[in-house]
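The values are calculated or read from the model by the stated rules, or taken from the named source; none is laboratory data. Since the model is a prediction, treat every value here as computed from it, not as a measurement. Backbone-built Cβ (ideal geometry, glycine too); neighbour counts: all protein chains shown. Calculation scope for accessible area: heavy atoms of the full protein, side chains included, ligands and nucleic acids excluded. Shrake-Rupley method; radii C 1.70, N 1.55, O 1.52, S 1.80 Å.
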Amino acid sequence: ITITKSNSIGFPQKFYNDNNIKNFKYVVFYWDAENKAIGIHFTNDEQEKNKFAIIHSKAGYGGSVVARSFLKACGIDPQKYHGRYNWQKKNIDDIGEIYIIKLDNK
């Protein structure tokens, strides 16, 4: 999972294919300031608040989300935190499956 300098969060082709991201329309982000971690939950729920539309690559390059408002609201500077991150998958009560990346200065 990548954070770009242009305020996007990207889902590279392998991650996208391995986790069937093509089956989802939206993503909901969660911020854990204490651990500097972003939680990413994929959903098709139209009623979900604070959802972001996934931009699916037509050329098979995975997907991405323009997350400017989320990054800004959480004080995450993409110039400082851009780059590729390893992720963990967890099941969280009341949310479901969530992917977690821990930020570090690049």
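Structure values in brief
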read-out	value
Cβ-placed point charges (K, R +1; D, E -1), dipole of the chain about Cα centre in debye, nearest 20	540 debye
Solvent-accessible area of Ser57 with every protein chain in place, 1.4 Å probe, in Å² to the nearest 10	40 Å²
Label-point gap, in nm, between Lys49 and Lys90 - each point 7 angstrom along Cα→Cβ	2.2 nm
Loop GluC sites (Glu not before Pro), segment 28-106 (other Cβ atoms within 10 Å of the site Cβ: 14 or fewer; DSSP)	Glu34, Glu46, Glu48
For segment 26-68: accessible area per residue (Å², 1.4 Å)	59 Å²
Lys pairs, segment 1-96 - Cα-Cα below 14 angstrom, 8 or more residues apart or on other chains	8
